[in-house]
Structure formats: structure tokens, C-alpha cells
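Read the figures in this text as sums done on the coordinates, not as results from a lab. Please read these numbers as outputs of a predicted model, since none were measured by experiment. Here Cβ is always computed from backbone atoms with ideal geometry, including for glycine, and neighbour counts include all displayed protein chains.
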Amino acid sequence: MLTILGPATSGKFCDGVSRRDFIRIGTFGSAAAGLSLPASLRAEARSRTGSSHKSIINVLLPGGAPHQDMVDLKPDAPKEIRGEFQPIDTNVEGVQISELMPRLAKMMDKFTIIRSMADSQPSHDLYQCVTGYARRENSPPAGGRPSIGAWISRWAGPVTPEVPPHMSLMYPTIERRWGDPGTGGFLGLAHGPFRVVDGKKGRDGKGLAESAQDMVLKGISLDQLQDRDRLRASLDRFRRDADAGGKIGAIDEFTEQALGILASSKLVDALDVSHEDPKIVERYGPASSDFVSDGAPRVTTNFLVARRLVEAGARYVTLNFSRWDWHGNNFGRARQDVPLLDQALTALVSDLHERGLDKDVSVVVWGEFGRTPKINGNAGRDHWPKANFAMLAGGGMNNGQVIGSTDRQAAEPDDRPVKFHEVFATLFHNIGLLNASARDRLFDLRGRPQTPIEEGVAPLRELV
């Protein structure tokens, strides 16, 4: 794995290293699995490639956000259920959301809210948000369940050699399942996520933990990547050191291609928001690189980076934002986090529309489950898989609506229950891959046919 050192920012870890100091140019899969970037590229070269550039940005809210305080308020419910926030009108007649989301309210016509997600699992695990399946399914595929991004990588391939199709902005977290973007599963590590950030905390909740197996291109910063002479010298030193240490063998065409990704400015430029108009960066709101307990940091800038990555050629990007497991102080935490999400998310969707990408890029926002209707003794809400929500935007969908509803206490779907697979079927429809399995049947390591969407599941009819 290769790590690019980036310029420092104000957010520092305890060892003095900033979050941006580690913008990782990683393998397509896990470093621990031992597949090098060149090997990943070999496998990628054996895959089919596509020509259209449709993309998905998958925004994950680790811990399960409170639907009753964001998008499904119940002002007529008893006090111990309705909470502290008031609903406000949106620019779609008859649709109200939380007062904490005024920006989204002004552009609700560009969003869809699903209030009746009905098949969430009860455990703290984002696995269902990246695969569509429960982790403990009855008959998992031999070789592992691929993430949605892996299926897209396999069927669509790269748009450009310099930018991998499946990319992750997920921060590794102490609660590991909140920082897991999924894998390539039986499709292979070549289709797993290309991880471009690293900020894994130590068990003490502080610092930065790096894999001992990582190879680092020392001396190459984002600025220096623009200096081809210094870049060439650094790459030459890297190859000499790596060969001397026995880390890599002969530099074949795939190794050259791997180093070519680093030498190309396309991916690096996409990651470097200093190339962006400062007014656009400001639009996304304040960003903190401080981790929230065992969850992710509140890096609003990553919404912008995700947009830049899909513009550069990525087909699927995941990111995790903050920590939403509020068993106590639910309303205090909501006042901190919901406005940040409101600002970053609406900035992203506004950008997509302004750049003419709203029909090509689908955005989905969700967490692993909802929260209990009843507020507990610590002014918090507990785990509640019976009702969950999702927000969608872009993708050429019929946005500006709410799908489904819950009962008077926001406890269970009242009508139009929606499953994760229906959302993913909609996203696959948006990028033109819904019927890919009929054209290219894929088999797990036991020779059993597998698909990313359960048989018979259709896209949401309200959206397509």
C-alpha cells in the first residue's frame, strides 16, 4: 500500500500529525490481505470496462440517526416521544422536516425522504448499508459478500486508468463496523474499495495507527506531485528501496501503471480541495478532524471530496460522518451534528445540480437503524430497527417527495414499507446496471450464482 503525505491542516492528532497528512493512495482491498496495487491492477485489467459515467455517493451515519428528530417528527405525540424539536415547512407542499435542517427544507424538491425503511438489523453494523444484506445471512456466498461498490467495479470498470471505480472515504473507527466500507468478497480484492483516507485511532482513542506493512513514498507531498522532476526522483528512490528490501520484484507494466496512478495529477487533484474555489469549500461548512468517541470525525469537506472524485471518474464513493449512537443527550448532540449534515449534504446536492451532474450522480444517506420512540432517562434514544429512514437525491430520480410513513409514534411503518434491496435496486437502475446479472452471470467460490439484489426486487416505482 502507498501513502501520500499531504499538507497539514488545523485539525491535529495527539502526535501532531494532521488528518490531511495521511491522504492514502491505497490498494483496492485490505493491506492485511497482502494484495499489492500492481496485483490489483492486473485483476482490474481482466475485468470488463464500461463507457458511461454514472456514479453513486453513499453517505453513512454510523450509530443510527434519530428519524423522529430529523425527517419524521411527531408533534402531536406525547412529550416523551415527540422530543424537543419542531417541524418546519419545506418547499414541497405538505412535507415537513426538523427545524435543524433549514437548508434541506429550502430545497426539498431536490430530495426524497423514505420514512419507512423496514428491514434494518438490530446490531451496530453498516454492513447492510454497503451490501444490502444482513451480515448473518442464512447462505452467504463462498468467498464473502461483495459490497455494492465491488459489483459496480466488476460490471462497469474504470472510467479512466488514473481513478479507481470503487473508492472509500471511510475513516477506520474504534467500533470497526462503523468504518468498514465492505470488500470485494468473492469478486476479488481488485474490486474492493480503494481507500484514500486513513485516520485510525489507537485503542486509547488518540493518535494515528498505521499498518507496519504499508510502504510510504516519503518526501512526496501533494504540492510536490506537481513537480515532475522531484516526483521522478522520489519514485526512483522508492523503487530502489523497495527492491533492496525485497518488497517488490520486477517492475512490470502493471507496477508501472500503479506508479502511474501516483504520477498522474488526476486523482491527486481530485483529493486536494485547495484546487477548489474557496467560496465552494466554505459552502460545505466547518470541518473537524477530531474523532467522535468510537465513531468517525465530522469531516464535512469529504462531501466535497466525494463530488470531486466522481467528477474525476469514480463510480462509487462511500464516506462515514460523525457518530449517531445517542443513548444520552440526544437533543444536545442533534443540535451539533444535524446542522452540519444539513449544510454539507445540501452543498453537495447543490453542487451536483449546478454542474449538471444531478442526473448522473445518485446520493443516498442512511444509517444502520432508527431510534426508539420513547426518550430514555438519560434524554437519549436507544436502538430501534423497526423503523429507519433514508434520504436520496440526484440520479435523475423523481425527487421532491416522501415515500412511506410511520405510525403516530414513529415506531413502525404505517404504509409502504421499504427494504434496503429496493433502494439498491433503484441505485443500480440509475447507473444502468440493474440487469447486469442477466448479461454477466457471476458465481461465488462454490460455483453458486450470486447477484447484488435479491431476486424479484424492483426499483422504487415512485422514483424511476
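Values as computed for the structure displayed
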| read-out | value |
| --- | --- |
| Estimated FRET transfer efficiency (residue 378, residue 123; beta-carbon r; R0 22 Å; 0.05) | 0.55 |
| Two-site label geometry, residue 336 and residue 445: point separation in nm, points 7 Å out along Cα→Cβ | 4.2 nm |
| Equivalent ellipsoid semi-axes, segment 261-407, via Cα gyration tensor eigenvalues times 5, rooted, Å | 30, 19, 13 |
| Residue 138/residue 282 FRET efficiency (R0 56 Å; Cβ-Cβ; nearest 0.05) | 0.70 |
| Listed pairs 74/419; 74/386; 106/419; 110/359; 106/386; 54/110 exceeding 21 Å between Cα atoms | 74/419; 106/419; 106/386 |
